[in-house]
Amino acid sequence: MNNPEEIQHFIDVLIKEDSFVKAAKKLYISQPYLTQLIKRIESHLGTPIINRDKKPYSLTQAGLLYYQYLENVSYDKQQLNKKIARFFETKSASRDSAFRKFS
């Protein structure tokens, strides 16, 4: 499945454009792909995430929860990447320090 940031972006554009066709064009993907992606998510969750009954489109309660989940996953991923980068910076700095001691 797509990464959380990408799904979040797709949902943002879909809600803004208020149309699967317009959103797909704006995202440079096919409308069937976007429709199937949303349907797969809804099938996986067992509930709709987009309220299509009336315009403008909106997120359902489950959709809001899912969107918040995507935001949390994105934030956690960013934090993990920062921690890993700091780990390698520290590891590299300590290796350089040890090398200088024995030079």
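None of the figures in this text is laboratory data; all of them are computed from the coordinates on show. Just so it is clear, the model here is predicted, and its values are computed rather than measured. Because the Cβ atoms are built from the backbone with ideal geometry, glycine has one as well, and the counts that use them run over all protein chains shown.
Once the other residues with Cβ under 15 Å from the Cβ of A23 are scored (Lys, Arg +1; Asp, Glu -1), what is the net sum?
+3
In the chain, Cα pairs under 8 Å separated by at least six residues give a relative contact order of 24 percent. Computed from backbone phi, the HN-Hα couplings of segment 3-13 come to 6, x, 5, 5, 4, 4, 4, 4, 5, 4, 5 Hz, rounded to whole numbers (Karplus: 6.51 cos²θ - 1.76 cosθ + 1.60, θ = phi - 60°; Gly and Pro given as x).
In the chain, excluding the sites themselves, the longest stretch lacking any of the chymotrypsin sites (Phe, Trp or Tyr not before Pro) that are in a DSSP loop with at most 13 other Cβ atoms within 10 Å is 29-101.
Rg and Dmax of segment 4-101, based on Cα coordinates, read 20.0, 70 Å.
List the pairs from K25/K77; K22/K54; K26/K82; K16/K54; K16/K55 whose alpha-carbon separation is above 21 Å, in the order I gave them. Working shown, then result.
Working: K25/K77 29 Å; K22/K54 16 Å; K26/K82 31 Å; K16/K54 14 Å; K16/K55 11 Å.
In this structure, K25/K77; K26/K82 exceed 21 Å between Cα atoms.
Phi angles across segment 31-39 convert, under the Karplus curve 6.51 cos²θ - 1.76 cosθ + 1.60 with θ = phi - 60°, into 3J(HN,Hα) values of 4, x, 4, 5, 4, 5, 4, 5, 4 Hz, Gly and Pro given as x.
Annotation: amide H-H contacts under 5 Å for S58 (H modelled 1.01 Å from N, sequence separation of 5 or more, or interchain): N51.
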